[in-house]
Amino acid sequence: MDVLKIEPNTGLVWALQNQDGNPKLTLIDPKTGITPESPLHYKVTSSTRGYDDVVFRDRQIFLSYTKPASPTDATIQRLENRKSPLIVSPVLTMGATGTNLVTGAKDQPTSQNDPDSLKLTPGGQLMLTSGDDGQLIFVLNPQSEHPKVAFVSLTDSSHAAVSGLADALFATSNAGTIYLTETGSIAFSKSMSRISQTIPFMLVWEASTSLSKSTCKQG
């Protein structure tokens, strides 16, 4: 199991499975359980690639696609139907260029060796996390046939590039509790207050034995 998300329009729980190859999708009705048509399979399958995350936006559905190997390989796809076989179309490719939001330079190469989590920003853009690259890639108008792209490359306090970025998210209220889980147990929880709802305030790094590398901060 790679991600569980609730589809706002239907209330169904989407369970994305097998991100490392032969992916499938299971839909769960919270009242009746797994839907009769589940699991759903993709028309084009891969033994090495799969889907890591899903975003629901204006009745459109977007998926992050793992392990690209060439510049033309898709890293974000749009789901075009709701039954097996599932049909997808490319939105973002590994070789996409965009605006560097730190320097302002345009037509700069993005780094998408490790597409991971996919989130919807408060402004309606898609935000893709590329974990090993430590980069956040923003698709500013995903409904367009030629979407605009921007990105931020994250650095540590010494301005060195970081890696192992697992997730990034936005606040939905000005105060609340954030829970991080590690395989087998709930490993960390943190109450936050006076949080901005317009910028990513929490960046989560992978840690092999503990959450000592996890970072929780505004901005």
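Read-outs: derived from the displayed coordinates by stated rules, not from any lab. Owing to the predicted nature of the structure, the values given are computational and were not obtained by experimental measurement. Cβ coordinates were reconstructed from backbone atoms using ideal geometry, including for glycine residues, and neighbour counts include every protein chain displayed.
Quick notes
- Panel order for Met127, Met1, by other beta carbons found within 10 Å of each beta carbon, from fewest to most: Met1, Met127.
- Centre separation in Å (Cα based) which lies between the stretch 146-166 and the stretch 12-54: 29
- Share, in percent, of DSSP beta bridges within the stretch 3-169 that are antiparallel, nearest 5: 95
- As a proxy for reagent exposure, Arg59, Arg78 were ordered by neighbouring Cβ count within 10 angstrom, fewest first; the result is Arg59, Arg78.
- Maximal additional length on extending the Ala175-Thr97 stretch stands at 24.5 nm, based on 0.36 nm per residue less the C-alpha distance.
- Around Thr110: net Lys/Arg minus Asp/Glu count, Cβ-Cβ under 15 Å: -4
- Exposure proxy order (Cβ contacts within 10 Å, fewest to most) of Glu145, Glu7, Glu80: Glu145, Glu80, Glu7
- On the basis of the beta-carbon distance and an R0 of 22 Å, Ser38 and Glu80 show a calculated FRET efficiency of 0.75.
- For the stretch 1-127, the tally of Lys pairs with Cα-Cα distances below 30 Å comes to 21, considering only residues 8 or more apart or on different chains.
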